[in-house]
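Enquirer: Here it is, the structure, as structure tokens.
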Amino acid sequence: MAEDLEMQQRRLKLKKSLQEVSIMKGMGTELVTVIIPPDRMIHDVRQHLSQEAGQAANIKSKSTKKHVTDAIESALSTLNRYKTPGERGIAIFVGHVITGNNKTRLISTVIDNPPEAFPSFRYRCDSSFEISQLEDMLIDRTAYGLFVIDRSEAAYGLASGKRLHCQEHVTSLVPSKHGRGGQSAQRFERLIEEAAHKFFKKSAERACSYWLPMIEDLKGIIIGGPGATKDFVVRNDYFHHEIKKLIREPFFDVGYSNESGLRELIQRAGGLMDQIELDVERKVVDNFLREVMQTNPKATYGEVMIRAALEQGAVETLLLSEALTNRRVEWSCKKCKKVWNATQNSRSDIPNCPTCDSEDVVDIPENTMDLIDELTLLAERTSSKVSLISLDTEEGATLNAAFGGIAAILRYPWS
């Protein structure tokens, strides 16, 4: 499996875990967060938690005391499974979470394969979990500044990873025409140029003020617009000198100088922005959409068809939506001992036994995994490429809504 795909999968798992953990709340300061960096000894953490358990005995509220003690004991039990924190560390989120009607349930979430190493040790007992270190890992450090301008409007923002963010759309008060003649024409022309100068300066300064705090993470600044104004603004030093060093050429002609112009700029500047997944993702889904419309398409979609194509080694690129939450579960029937695999759409979706139709079935946790991971492993066996597609682009949303989030570009026409 390619290293970049492994990183994508770790980031996706972290993202899903954070979505669950971030909305959990406790009755009081009952939720325990333990974050262990790779250079921290498990033995030291166990001692620290044992001391905290002793301190919990001083809590006046009986229910809070019990819940905090339960959480710490659960964390200690989890640590028994590890000899070391590993290369990147471990995060444990455990505690009695509110489930409604003044009821709580003890939950435990462990993240032991984060995309980056945890920078520091953290123990916290609060009404919510401490997730700031994990949120920092999801910040895409590869980013480009975007700027489009003409004499009537301008817009600037950021393309980071798969996301486009339009920070501001600025409109000008520069007159486009005037009907004065004689000496008045020269005066109005001068006033128009002064208004244009002020607008160019305001737009560039606002953009620079937005980009400068993140300048170390910027790979470049991409400039566009519908006319020659963009060239004039760059050549006449309206931008901060540090930002000007990052401006990439060529400048691109786009139809608008608003958010639509920023989106068009991304499409036209794809060659320059080869580090940005937004453009890469759009192209791979577009290739699939073009191919699936052919008479003899080298493309297919849907879990059943994809599995068959993977088994025959026909898949060149497997496209999986990050929105997939399905699991591939191994089930066992207690009555007839039948064992089988099936895709589970939700945790409450429990099938009957396909042999005896019994409802008395259980899942086998050690043989259960996310559908994304299972299909990726199948693709790896035949050297198929795998592309994880987010919902942050129109193409990604189409893949998920129209094709169930599972599709493939094939090596040859197949049915």
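Enquirer: Suppose we keep only residues that are touching a helix residue (DSSP H, G or I) at 6+ places or on another chain (Cβ under 9 Å) and part of a loop (DSSP other than H, G, I, E, B) within the range 289-320. Which one would you say is nearest to Ala397 (Cα to Cα)? Even if it seems obvious, please write down each step before you answer.
Expert: Restricting attention to the range 289-320, the residues satisfying the condition of being touching a helix residue (DSSP H, G or I) at 6+ places or on another chain (Cβ under 9 Å) are 289, 292, 297-303, 306-307, 310-311, 313-315, 317-320.
Going one step further and asking which of them are part of a loop (DSSP other than H, G, I, E, B), we end up with 297-298, 302, 313-314.
Numbers: Pro297: 22, Lys298: 21, Gly302: 16, Gly313: 27, Ala314: 25 Å.
Across the range 289-320, the extreme among qualifying residues is Gly302.
Enquirer: Considering only residues that are at pLDDT 85 or above, of a type in the set (Ser, Thr, Tyr) and closer than 30 Å to Ala397 by Cβ, which ones fall in the range 160-182?
Expert: Thr171
Enquirer: While we're here: Between a first residue in the range 350-366 that is under 10 Å from Trp331 (Cα atoms) and a second residue that is aromatic (Phe, Trp, Tyr), which pairs have beta carbons less than 6 Å apart while being 6 or more apart in sequence or on different chains?
Expert: Short answer, once both residue conditions are applied: Val361/Trp331; Asp363/Trp331.
Enquirer: Return only the number of the condition from (1) part of a helix (DSSP H, G or I); (2) acidic (Asp, Glu); (3) over 27 Å from Lys16 (Cβ atoms) that Glu249 does not satisfy.
Expert: (1)
Enquirer: Right, here's the next one. Kindly indicate which of Leu12, Leu79 is within 30 Å of Val280 (Cβ to Cβ), among the hydrophobic types (A, V, I, L, M, F, W, C) and surrounded by 16 or more Cβ atoms within 10 Å (Cβ to Cβ). Spell out how you get there, then give the answer.
Expert: Numbers: Leu79 fails: within 30 Å of Val280 (Cβ to Cβ).
Checking each option against the conditions leaves just Leu12.
Enquirer: Only one of these conditions is not met by Val254: (1) hydrophobic (A, V, I, L, M, F, W, C); (2) surrounded by 14 or more Cβ atoms within 10 Å (Cβ to Cβ); (3) out of contact with any strand residue (DSSP E or B) (no Cβ under 6 Å at 6 or more places or on another chain). Which number is it?
Expert: Among (1) hydrophobic (A, V, I, L, M, F, W, C); (2) surrounded by 14 or more Cβ atoms within 10 Å (Cβ to Cβ); (3) out of contact with any strand residue (DSSP E or B) (no Cβ under 6 Å at 6 or more places or on another chain), Val254 violates only (3).
Enquirer: In the range 35-64, which residue that is among the charged types (D, E, K, R) and at pLDDT 90 or above is farthest from Ser108 (Cα to Cα)?
Expert: Asp39
Enquirer: So which strands (runs of 3 or more DSSP E) are wholly in the range 67-154 and hold at least 1 residues that are at pLDDT 90 or above and within 30 Å of Glu168 (Cα to Cα)? Talk me through it step by step, then tell me what you get.
Expert: Numbers: elements: 90-100, 103-111, 122-126, 143-149.
Fully inside the range 67-154 and qualifying: 143-149.
Enquirer: While we're looking at this one, here's another question. Checking the structure you have, find out if any residue of the range 17-29 is under 20 Å from the mean Cα position of the chain (by Cα), of a type in the set (Val, Ile, Thr) and outside any helix (DSSP H, G or I).
Expert: yes
Enquirer: Name the residues in the range 391-406 that are farther than 15 Å from Arg290 by Cβ, of a type in the set (A, V, I, L, M, F, W, C) and in contact with a helix residue (DSSP H, G or I) (Cβ under 8 Å, 6 or more places away or on another chain), would you?
Expert: Scanning the range 391-406 gives Leu391, Ile406.
Enquirer: Follow-up. Select from the range 98-116 the residues that are out of contact with any helix residue (DSSP H, G or I) (no Cβ under 9 Å at 6 or more places or on another chain), within 29 Å of Asp373 (Cβ to Cβ) and surrounded by fewer than 15 Cβ atoms within 10 Å (Cβ to Cβ) and list them in ascending order.
Expert: Within the range 98-116, Thr99, Arg105 meet the criteria.
Residue by residue, here is whether (1) in contact with a Phe, Trp or Tyr (Cβ under 6 Å, 6 or more places away or on another chain); (2) closer than 21 Å to Leu5 by Cα holds:
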residue: Asn296; (1), (2): no, no
residue: Tyr301; (1), (2): yes, yes
residue: Val304; (1), (2): no, no
residue: Ser321; (1), (2): no, yes
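Enquirer: Residue by residue through the range 100-141, note down the ones that are acidic (Asp, Glu) and within 26 Å of Glu73 (Cβ to Cβ). First the steps, then the outcome.
Expert: Going residue by residue through the range 100-141, those that are acidic (Asp, Glu) are 112, 116, 126, 130, 135-136, 140.
If the condition is that a residue be acidic (Asp, Glu) and within 26 Å of Glu73 (Cβ to Cβ), then Asp112, Asp126, Glu130 are the ones that fit.
Enquirer: While we're on this one: Go over the candidates Asp286, Asp231 one by one and state the one that is within 30 Å of Ile409 (Cβ to Cβ), at pLDDT 90 or above, part of a helix (DSSP H, G or I) and not aromatic (Phe, Trp, Tyr).
Expert: The unique qualifying residue is Asp286.
A quick yes/no check of all residues on (1) in a strand (DSSP E or B); (2) in contact with a His (Cβ under 6 Å, 6 or more places away or on another chain); (3) farther than 17 Å from Ile406 by Cβ; (4) not aliphatic (A, V, I, L, M):
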site	(1), (2), (3), (4)
Gly261	no, no, yes, yes
Leu324	no, no, no, no
Thr343	yes, no, no, yes
Glu366	no, no, yes, yes
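Yes or no, residue by residue, for (1) farther than 13 Å from Val34 by Cβ; (2) assigned by TED's automatic domain parsing to the domain that holds Gln8; (3) basic (Lys, Arg):
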{"residue": "Ala56", "(1), (2), (3)": "yes, yes, no"}
{"residue": "Lys65", "(1), (2), (3)": "yes, yes, yes"}
{"residue": "Glu73", "(1), (2), (3)": "no, yes, no"}
{"residue": "Thr84", "(1), (2), (3)": "yes, yes, no"}
{"residue": "Thr99", "(1), (2), (3)": "yes, yes, no"}
{"residue": "Val110", "(1), (2), (3)": "no, yes, no"}
{"residue": "Pro114", "(1), (2), (3)": "yes, yes, no"}
{"residue": "Ser128", "(1), (2), (3)": "yes, yes, no"}
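Enquirer: Here is a list: Ile350, Ile389, Ile409. Which entry is within 20 Å of the chain's Cα centre (by Cα) and surrounded by 13 or more Cβ atoms within 10 Å (Cβ to Cβ)?
Expert: Ile389
The values are calculated or read from the model by the stated rules, or taken from the named source; none is laboratory data. Worth saying up front: this structure is predicted, and the values here are computed from it rather than measured. Positions of Cβ are generated from backbone atoms using ideal geometry, with glycine treated the same way; all protein chains shown enter the neighbour counts.
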